[in-house]
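Student: Attaching a single structure in structure tokens format; questions to follow.
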Amino acid sequence: MTPLSRRRFLGLGLRAAALAPWLPLPLARPARAAPVPRPLAEVRGEDPAALVRTAVGKLGGMAAFVRPGDRVVVKPNIGWDRTPEEAANTHPAVVAELARLARRAGARLVRVFDRTCNDARRSYERSGIRAAVEALGDDGVRLEYVRDDRFVVVALAGARKLTRWPLYRPALTADVLINCPVVKHHGLTGVTLAMKNLMGVMGGNRGRIHWDIAESLVDLNLAVRSHLVVVDATRILTRNGPQGGGTEGVRVANRLAATTDVVAADAWGARVFGVDPMEVGYIRRAHERGLGVADLGRVPVR
Amino acid sequence: MRVRPRRTVQLLLFLGFLALFARTAYRGQDLLDWPVHLVFRLDPLAFVAEALAVGREALDPRWLGALVLAAATVFLGRFFCGWMCPMGTVLDGAGAGLRRVVGPGRRLRRAPAALAPVVLVGLVAAAAAGLPLLGLFDPLSLLLRSLTLAVHPWLDAGLKAAIAVADRASPDAADLLYRWLNPVLSFGRPRFLTAGLTAAGFGAVLALELLAPRFWCAHLCPLGALLGLLARIGPFGRSRAPDCRPCSACGTACPTGASAADPAEPGMCIQCGTCASVCPRAARRPGPVRPSSPVPRRHRRAVVAAAGLGLAAGLFPRIRAAEAETGPYLLRPPGAKGEDEFRKRCIRCGACMRVCPRNALHPTLLGAGLGGMWTPRLVPRLGYCEYHCRLCGQVCPTGAIGYLAEGEKERWTIGLAVFDRNRCLPWRSGRNCLVCEEHCPTQPKAIVFDRDSGRPGLKLPRVEENRCVGCGICETKCPLPGRAAIRVTRENPLSLEIFF
């Protein structure tokens, strides 16, 4: 074989670089039409990891969601430079346990990330999530910083407000997306949960969606499906949310739920927080637009 | 291969400097172990700048290294310049590269002797009269500042662009690249106000190499001049031995032109040893010489003139009305001394801008007056002050930004956020937004909202003035395009200081 000349190497490289932006990207998946109530597992206890194991077990175990060789994304809330006791981020033990279970079910790679509000390095550190993930000692679990060159502008199928937006490609291309929010107070929406946690895959000036948050969050969740939702209510931030500060507004609830229906998950979280789900704008709109079932009376709770 | 001890020492020390630079970043620890400002502990000019700012208070053990270096220079000459100074190493490297590309060109006829004392005396006089710009020309400051504001962001952008291309082809390969390069990459995408001007200034200093090697060091550098003054009063120098047959080889080869005289002009000699290595008879060597006055006799008038001009320049801000127009948005980093002392102390090294995790600190151009050029200011629309972070105070070499302890930082008030109700969405359009309130880090929040009885559901944001610390996260995150509808002003309801 003739050796590659420098000129030819550069030429090939430039051509490859020019073609790269046109490589096809998977389109956002449209939602299913008629929502069928799906089971929700509810557990209580003091050990967050054990809660995760039991709740996921009640839904058939992690193997029901993760097949061997899958690429999995665990998307906790790591938005803030706050400690676990301050309840502004998902509990580190919940995150680590989900990653561990996914790997045990055969996941090839588990990515953990959030597009944070405070400095990502500080938030990953002080949330305790970096330490918890590293303590797994598993190269197949990667706590990653979100990189802005990995956002792609996506047309969101079925959207009313959020028709086009840059979304995080690793979240779109994952085989399984595990959404694990923490239950928190929020000044604008009253309470923030799984649907809003998905804002962590949004790029750009995402504060903009506050201007029509209910419709936008439904649009986002219709396009990016959470395959498993684990709601962390081990601690609940009851005021000064969503970032709190100190432990005065923190209520230790020792509860957790798992389901595949992001709307049911949020309805459960709202109930635990102490508000009527139908009073929360985005939960009501999600229910009305068929994203899922917010009427907990119809949801089989295990 | 010939071992060249000076090159080896220069290279190792320069790599050390870069290593410190790379470590001057948040990597999960609230206290930095090896911040880059440590190089200033060896900088007698930084000591002089601080002494001019605060007088006797500058006599502090922190400056021991700088004073030892100054004392050593009396006996050893400007060895710092030839062997240690990272700016000197950069100039040697850049000069060699430039001359290879452009060719040696027409060398400038050398200035007869060191003119740098004129620069130094002028700057010191100006600082003493009230125009503190010494740091702007300190070579360590100049290098660190240029690296921080222009060179490193530029390289960083190039590497990240390459990774982004690789990512399209193979995300796994890009991941790997990213992890390999992590120690040299910036966390975010650093970009700075005055990047262009800073790069141009740095480029100009490098281009001086085309006039003559080490032109900056021999003729302009105020630190070199200070060390040169000390070297001239010392008892040692490089002179011709009795067996010299003047062939001028040393004078031609000498990078700074010091060896054109005999003994070599100690104010310009950087102890590189080139003269001895080119001497065919090994007759050029160090030895005792008669100490002389710090300034060459024929430069005394120039130095006196420089002092006069410096004083006049230093007084100029007092008659410049624009000095009083600092504007309401000049915000200083947390822990900063009062404005006047801050400007005097700051040596414009850019270490605070380098370490700021949110890229929130930027150089001031003229916004703080002539004496405030390249001092750091917080520009909240570009980045906010992270609530629990207190890195800038740790890396400030001169105490212009004071160290804040944990808990102290969270109470430090940088300014006060003020709404522009003409642009704020809920106020002007009756639509909810509250992104500012969401991000407000104080406990309880400094941004609260009122209800309007006529419009149920509408939340109208307002600042609780005694809670706001002026971190600026509200201004950073305000989703309006362009200028934010909430801006941090220099007001501080908790302090009277800005009013005197």
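The values are calculated or read from the model by the stated rules, or taken from the named source; none is laboratory data. None of the values given here were measured: they were computed from a predicted structure. For neighbour counting, all protein chains shown are included, and Cβ atoms are generated from backbone atoms with ideal geometry for every residue, glycine included.
Student: Return yes or no: is residue B:354 more than 14 Å from every other protein chain (Cβ to nearest Cβ), farther than 17 Å from residue B:152 by Cβ and basic (Lys, Arg)?
Tutor: On the way: more than 14 Å from every other protein chain (Cβ to nearest Cβ): yes; farther than 17 Å from residue B:152 by Cβ: no; basic (Lys, Arg): yes.
So residue B:354 fails the test.
Student: Okay, moving on. Can you pull out the residues in the stretch A:217-238 that are within 14 Å of chain B (Cβ to nearest Cβ) and farther than 19 Å from residue A:35 by Cα? Talk me through it step by step, then tell me what you get.
Tutor: The first filter runs over the stretch A:217-238 and keeps only residues within 14 Å of chain B (Cβ to nearest Cβ), leaving A:217, A:237-238.
Hits for the stretch A:217-238 are A:237, A:238.
Student: Is it the case that residue A:110 is away from chain B (no Cβ under 13 Å), in a loop (DSSP other than H, G, I, E, B), in contact (Cβ under 8 Å) with a residue 24 or more places away in the chain and more than 30 Å from residue B:355 (Cα to Cα)?
Tutor: Values: away from chain B (no Cβ under 13 Å): yes; in a loop (DSSP other than H, G, I, E, B): no; in contact (Cβ under 8 Å) with a residue 24 or more places away in the chain: yes; more than 30 Å from residue B:355 (Cα to Cα): yes.
Criteria not met by residue A:110.
Student: Now, a different point. Looking at the stretch B:289-305, which of its residues are closer than 27 Å to residue B:237 by Cα and either part of a helix (DSSP H, G or I) or modelled with pLDDT of 95 or more (or both)?
Tutor: B:297, B:298, B:299, B:300, B:301, B:302, B:303, B:304
Student: In the stretch B:400-417, which residues are in contact with a helix residue (DSSP H, G or I) (Cβ under 6 Å, 6 or more places away or on another chain) and either part of a loop (DSSP other than H, G, I, E, B) or in the same structural domain as residue B:39 (by TED's automatic domain parsing) (or both)? Reasoning before the result, please.
Tutor: Of all residues in the stretch B:400-417, those in contact with a helix residue (DSSP H, G or I) (Cβ under 6 Å, 6 or more places away or on another chain) come to B:400-404, B:417.
Within the stretch B:400-417, B:400, B:402, B:403, B:404 meet the criteria.
Student: Another question, if that's okay. Which residues, counting only those in the stretch A:179-202, are under 16 Å from residue A:115 (Cβ atoms) and basic (Lys, Arg)?
Tutor: A:196, the sole residue that qualifies.
Student: OK, next. Sort out which residues of the stretch B:236-257 are over 19 Å from residue B:214 (Cα atoms) and assigned to a loop (DSSP other than H, G, I, E, B), and write them in order of number. Steps first, answer last, please.
Tutor: Of the stretch B:236-257, the ones over 19 Å from residue B:214 (Cα atoms) are B:236-237, B:239-248.
Result: B:241, B:242, B:243, B:244, B:245, B:246, B:247, B:248.
Student: If residue A:121 passes every condition in (1) more than 25 Å from residue A:262 (Cβ to Cβ); (2) within 14 Å of another protein chain (Cβ to nearest Cβ); (3) assigned to a loop (DSSP other than H, G, I, E, B) but one, which one does it miss?
Tutor: (3)
Student: Here is a follow-up. Tell me yes or no: at least one residue of the stretch B:224-234 is free of Cβ contacts under 8 Å to residues at least 24 places away in the same chain and either part of a helix (DSSP H, G or I) or within 14 Å of chain A (Cβ to nearest Cβ) (or both). Give the derivation first.
Tutor: Taking the stretch B:224-234 and keeping what is free of Cβ contacts under 8 Å to residues at least 24 places away in the same chain, we get none.
Among the residues of the stretch B:224-234, not one is free of Cβ contacts under 8 Å to residues at least 24 places away in the same chain and either part of a helix (DSSP H, G or I) or within 14 Å of chain A (Cβ to nearest Cβ) (or both), which makes the answer no.
Student: Among the numbered criteria (1) closer than 26 Å to residue A:124 by Cβ; (2) at pLDDT 95 or above; (3) assigned to a helix (DSSP H, G or I), which single criterion is violated by residue B:200?
Tutor: Residue B:200 satisfies all of (1) closer than 26 Å to residue A:124 by Cβ; (2) at pLDDT 95 or above; (3) assigned to a helix (DSSP H, G or I) except (1).
Student: Please indicate, with yes or no, whether at least one residue in the stretch B:396-412 is among the β-branched types (Val, Ile, Thr) and more than 30 Å from residue B:51 (Cα to Cα).
Tutor: Just the residues of the stretch B:396-412 that are among the β-branched types (Val, Ile, Thr), to begin with: B:398, B:401.
Now narrow it down to the ones that are more than 30 Å from residue B:51 (Cα to Cα): none.
No; the residues of the stretch B:396-412 include none that is among the β-branched types (Val, Ile, Thr) and more than 30 Å from residue B:51 (Cα to Cα).
Student: Which residues, counting only those in the stretch A:99-139, are within 16 Å of residue B:187 (Cβ to Cβ) and charged (D, E, K, R)?
Tutor: Filtering the stretch A:99-139 for residues within 16 Å of residue B:187 (Cβ to Cβ) gives A:113-126, A:130.
A:114, A:115, A:119, A:121, A:122, A:125, A:126, A:130, listed by residue number.
Student: One residue is enough: does the stretch B:302-313 have a residue meeting the conditions buried (at least 22 other Cβ atoms within 10 Å of the Cβ) and under 30 Å from residue B:408 (Cα atoms)?
Tutor: Scanning the stretch B:302-313, I find no residue that is buried (at least 22 other Cβ atoms within 10 Å of the Cβ) and under 30 Å from residue B:408 (Cα atoms), so the answer is no.
Student: Would you call residue A:138 at pLDDT 95 or above and under 19 Å from residue A:76 (Cα atoms)? Reasoning before the result, please.
Tutor: Values: at pLDDT 95 or above: yes; under 19 Å from residue A:76 (Cα atoms): yes.
So residue A:138 fits the description; yes.
Student: Continuing with this model, one more query. Being part of a helix (DSSP H, G or I), among the charged types (D, E, K, R) and within 12 Å of chain A (Cβ to nearest Cβ) is true for just one of B:167, B:156. Which residue is that? Outline the logic, then answer.
Tutor: Working: B:156 fails: within 12 Å of chain A (Cβ to nearest Cβ).
Sole residue among the options that is part of a helix (DSSP H, G or I), among the charged types (D, E, K, R) and within 12 Å of chain A (Cβ to nearest Cβ): B:167.
Student: I'd like the residue in the stretch B:379-418 that is of a type in the set (Phe, Trp, Tyr) and crowded, with 17+ Cβ neighbours inside 10 Å and, out of all such residues, is farthest from the other protein chains (Cβ to nearest Cβ). Quick ask: steps written out before the conclusion?
Tutor: Keep residues of the stretch B:379-418 that are of a type in the set (Phe, Trp, Tyr), which gives B:384, B:387, B:403, B:412.
Now drop any that are not crowded, with 17+ Cβ neighbours inside 10 Å, which leaves B:384, B:387, B:412.
Values: B:384: 9, B:387: 7, B:412: 16 Å.
Taking the candidates together, the pick is B:412.
Student: I'm trying to understand the selection: among the residues of the stretch A:158-189, which are polar (S, T, N, Q) and over 25 Å from residue A:64 (Cα atoms)?
Tutor: Our first condition is that a residue be polar (S, T, N, Q); within the stretch A:158-189, this holds for A:163, A:173, A:179, A:189.
Passing the criteria: A:163, A:189.
Student: Right, here's the next one. Does any residue of the stretch B:405-414 turn out to be farther than 17 Å from residue A:208 by Cα, of a type in the set (Gly, Ala, Ser) and in contact (Cβ under 8 Å) with a residue 24 or more places away in the chain?
Tutor: As a first pass, look at the stretch B:405-414 and keep what is farther than 17 Å from residue A:208 by Cα: B:405-414.
Next, from what is left, pick out any that are of a type in the set (Gly, Ala, Ser): B:405, B:407.
Retained after the next criterion (residues that are in contact (Cβ under 8 Å) with a residue 24 or more places away in the chain): none.
No, the conditions are met nowhere in the stretch B:405-414.
Student: Another one. Of all residues in the stretch A:168-184 being in a loop (DSSP other than H, G, I, E, B) and surrounded by fewer than 24 Cβ atoms within 10 Å (Cβ to Cβ), which is nearest to the other protein chains (Cβ to nearest Cβ)?
Tutor: So the first thing to find is which residues in the stretch A:168-184 are in a loop (DSSP other than H, G, I, E, B), and the list is A:173-175, A:181.
Narrowing the set further to residues that are surrounded by fewer than 24 Cβ atoms within 10 Å (Cβ to Cβ) leaves A:173-175.
Working: A:173: 9, A:174: 12, A:175: 15 Å.
In this case the residue turns out to be A:173.
Student: Let me ask something additional. In the stretch B:170-197, which residue that is assigned to a helix (DSSP H, G or I) and surrounded by fewer than 14 Cβ atoms within 10 Å (Cβ to Cβ) is farthest from the other protein chains (Cβ to nearest Cβ)?
Tutor: Residues of the stretch B:170-197 that are assigned to a helix (DSSP H, G or I), as a first pass: B:171-181, B:195-197.
Checking the rest, the ones that are also surrounded by fewer than 14 Cβ atoms within 10 Å (Cβ to Cβ) come to B:172-173, B:176, B:179-180, B:196.
Working: B:172: 9, B:173: 13, B:176: 12, B:179: 10, B:180: 15, B:196: 23 Å.
Here the residue is B:196.
Student: Need at least 3 residues that are among the acidic types (Asp, Glu) per element, so show me which helices (runs of 4 or more DSSP H) inside the stretch B:327-398 make the cut, counting only ones lying wholly within it.
Tutor: Numbers: elements: B:339-345, B:351-355, B:392-395.
So the answer is B:339-345.
Student: Give the stretch A:150-167 a look and list any residue that's within 12 Å of chain B (Cβ to nearest Cβ) and surrounded by 17 or more Cβ atoms within 10 Å (Cβ to Cβ), or say none.
Tutor: Taking the stretch A:150-167 first, the residues within 12 Å of chain B (Cβ to nearest Cβ) are A:150-152.
Result: A:150, A:151.
Student: Determine whether residue A:72 is buried (at least 24 other Cβ atoms within 10 Å of the Cβ) and part of a loop (DSSP other than H, G, I, E, B). First the steps, then the outcome.
Tutor: Values: buried (at least 24 other Cβ atoms within 10 Å of the Cβ): yes; part of a loop (DSSP other than H, G, I, E, B): no.
Against the criterion (buried (at least 24 other Cβ atoms within 10 Å of the Cβ) and part of a loop (DSSP other than H, G, I, E, B)), residue A:72 does not qualify.
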